[in-house]
Amino acid sequence: MFLSVFEMFKVGIGPSSSHTMGPMVAAARFLDAMRASPFEFKGLSATLHGSLAFTGVGHATDRATILGLAGFTPESYEAERADAELARIQAEKTILPEGLGTLAFDPKADLVFDFGPNLPGHANGMVLRAKDAQGDVILSETYYSIGGGFVVTEAELAEGRDKDDGPPVPFPFKSAAEMLEMAKISGKTIAEMKRANEISRGGHDRLEKGIDRIWQVMNDCIDRGLTSGGILPGGLNVRRRAQNIHEALLAERGRNLSAPHTINDWMSAYAMAVNEENAAGNQVVTAPTNGAAGVVPAVIRYWLDHVPGAYRAGVPDFLLTASAIGGLVKYNASISGAEAGCQAEVGSAAAMAAAGLCAVMKGTPEQIENAAEIALEHHLGMTCDPVKGLVQVPCIERNGLGAIKAVSAASLALRGDGHHFVPLDAVIETMRQTGADMHEKYKETSLGGLAVNVPNC
């Protein structure tokens, strides 16, 4: 099993990795399939199923699908150009993807929200179709957005989750137990093993430059969020709070007035800054998802700005360790809120952040695994119930609390010697089972929980 650090941490746009980035990626893949086809196409249509239908408008799934079919990608997304193209498509009812000519597409008629049963493969399903001049479908593909911006076709999903076409890696662990055993035999840290795997696939330069960019985008996102005010889009009239919290914290510095627990407010401000940027549809890094994008960068920023002895050169080890844990969760359970609730998003992010922090604070592999286990264990059962389908309430605050839990988990693990009662593998499996048993209305449909018990306007 090999999941790259660049698969766990992807630069993209808000508000959702599975509902915004995923459909845009799926659309891009469908355009490539069309370009490789011998047929001549004249029109397009799309149907959204399951969670993509129920929370699609709040998560900008409709917008992402249309723009994806127009050739936009998360990595190169430009907001102003996207707005202009979307307005043109709505007015002219055509799409102009590169190399495919002019294709008929009426957003009101050709983009369908199907609120019936989920497609069989995953809660986030969509079907894209290309038509000939008579309006007959001549190419169709079913895609599943399985969390964190990962997209698979129906056939790829059927092939199995352990498919890996790349060359062998030095440390191919697919469970925490295997990871610890390989660390013990090799004498390497988790970050060192992960680094060796990455270099074997992509080379040293790609790894170093890529990780630097990931942290730069994360850090820039925090800074933007800490200096941006106003009301978030979507109709809930949620006011940005990170800027005011940050300004108050800065004003209190040096006055000997702050209680020790104020450090939690710093972590919350960092995390909320990221998720307010995500809610606004701006650039973020999946960590491992957009809905949980604030936890990992908040804990890194906490470490760099508030922990004595922290050093910028340690950030790659933090991210590599975090991605190793995230890969285990994704491979053996899920990072998708639509599949397993928010335990799979903020819970996974907290486990990743706890492991990363423990690593840069010189924890052993056993302590790192313990830190991840503590953080994930205490998110078990957490539902995904976004009010009005927006990644705002309770998602923004939840990232702040996830960061606080991650730091507490790392601290507890560092106070021990790595021996503990519940192994990380057991918690990951428990999370998978809990997600499978969880009622559908509590898994990113906005049909249960807070989403139905607070006003939507």
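The values are calculated or read from the model by the stated rules, or taken from the named source; none is laboratory data. This one's a predicted model, so the numbers in the text were calculated from it and none came from an experiment. For neighbour counting, all protein chains shown are included, and Cβ atoms are generated from backbone atoms with ideal geometry for every residue, glycine included. Only protein heavy atoms, including side chains, enter the accessible area calculation; ligands, DNA and RNA are left aside. Shrake-Rupley method; radii C 1.70, N 1.55, O 1.52, S 1.80 Å.
Per the listing Glu247, Glu277, the residue uniquely farther than 23 Å from Ser323 by Cα and among the acidic types (Asp, Glu) is Glu247.
Can you spot a residue in region 438-445 that is buried (at least 24 other Cβ atoms within 10 Å of the Cβ), assigned to a loop (DSSP other than H, G, I, E, B) and in contact with a Cys (Cβ under 9 Å, 6 or more places away or on another chain)? Yes, there is a match, as at least one residue in region 438-445 is buried (at least 24 other Cβ atoms within 10 Å of the Cβ), assigned to a loop (DSSP other than H, G, I, E, B) and in contact with a Cys (Cβ under 9 Å, 6 or more places away or on another chain). Could you run through region 102-124 and say how many residues are touching a Lys or Arg at 6+ places or on another chain (Cβ under 9 Å), of a type outside the set (Gly, Ala, Ser) and assigned to a loop (DSSP other than H, G, I, E, B)? Counting residues in region 102-124 that are touching a Lys or Arg at 6+ places or on another chain (Cβ under 9 Å), of a type outside the set (Gly, Ala, Ser) and assigned to a loop (DSSP other than H, G, I, E, B) gives 3. For region 86-97, taking the residues that are assigned to a helix (DSSP H, G or I) and open to solvent by less than 40 Å² (accessible area, probe 1.4 Å), the one that is farthest from Lys42 (Cα to Cα) is identified as Leu86.
Any residue in region 92-100 that is under 15 Å from Ala33 (Cβ atoms) and among the hydrophobic types (A, V, I, L, M, F, W, C)? Yes: one or more hits.
Within region 1-60, the set of residues being under 14 Å from the mean Cα position of the chain (by Cα) and assigned to a strand (DSSP E or B) comprises Val11, Gly12, Ile13.
Screening region 151-224 for helices (runs of 4 or more DSSP H) wholly inside it with 1 or more residues that are open to solvent by less than 20 Å² (accessible area, probe 1.4 Å) and within 17 Å of Ala322 (Cα to Cα) returns the ranges 176-186, 190-202. For Gly435, the stated conditions hold: it is touching a Ser or Thr at 6+ places or on another chain (Cβ under 8 Å), among the small types (Gly, Ala, Ser), more than 11 Å from Ala354 (Cβ to Cβ) and open to solvent by less than 20 Å² (accessible area, probe 1.4 Å).
In region 24-46, the qualifying residues are those that are of a type outside the set (Gly, Ala, Ser) and in contact with a Phe, Trp or Tyr (Cβ under 8 Å, 6 or more places away or on another chain), and the one that is surrounded by the fewest Cβ atoms within 10 Å (Cβ to Cβ) is Arg29. Looking only at region 338-351, residues that are open to solvent by less than 10 Å² (accessible area, probe 1.4 Å) and farther than 20 Å from Ile374 by Cα come to 1 in all. Being free of Cβ contacts under 8 Å to residues at least 60 places away in the same chain and among the β-branched types (Val, Ile, Thr): is that true of Ile211 here? Here the answer is no, as Ile211 does not meet what is asked. Among the residues making up region 365-401, those that are open to solvent by less than 30 Å² (accessible area, probe 1.4 Å), assigned to a helix (DSSP H, G or I) and not aliphatic (A, V, I, L, M) are Pro365, Gln367, Glu369, Asn370, Glu373, Gly389, Cys395, Asn399, Gly400.
Inside region 61-84, residues that are open to solvent by 40 Å² or more (accessible area, probe 1.4 Å), more than 17 Å from Leu128 (Cα to Cα) and in a helix (DSSP H, G or I) make up a count of 5.
Taken over region 119-160, the criterion of being over 19 Å from the mean Cα position of the chain (by Cα) and aromatic (Phe, Trp, Tyr) is satisfied by no residue. Checking each residue in region 104-144 for being charged (D, E, K, R) and in contact (Cβ under 8 Å) with a residue 12 or more places away in the chain picks out Asp106, Asp110, Asp114, Arg129, Lys131, Asp132, Glu141.
Could you tell me whether region 354-362 includes any residue that is open to solvent by 10 Å² or more (accessible area, probe 1.4 Å), basic (Lys, Arg) and part of a helix (DSSP H, G or I)? Looking through region 354-362, none of the residues is open to solvent by 10 Å² or more (accessible area, probe 1.4 Å), basic (Lys, Arg) and part of a helix (DSSP H, G or I).
Pairs linking a residue in region 359-385 that is at positive phi to a residue that is buried (at least 20 other Cβ atoms within 10 Å of the Cβ), with Cβ atoms under 7 Å and 6 or more positions apart or on different chains, are Gly381/Gln343.
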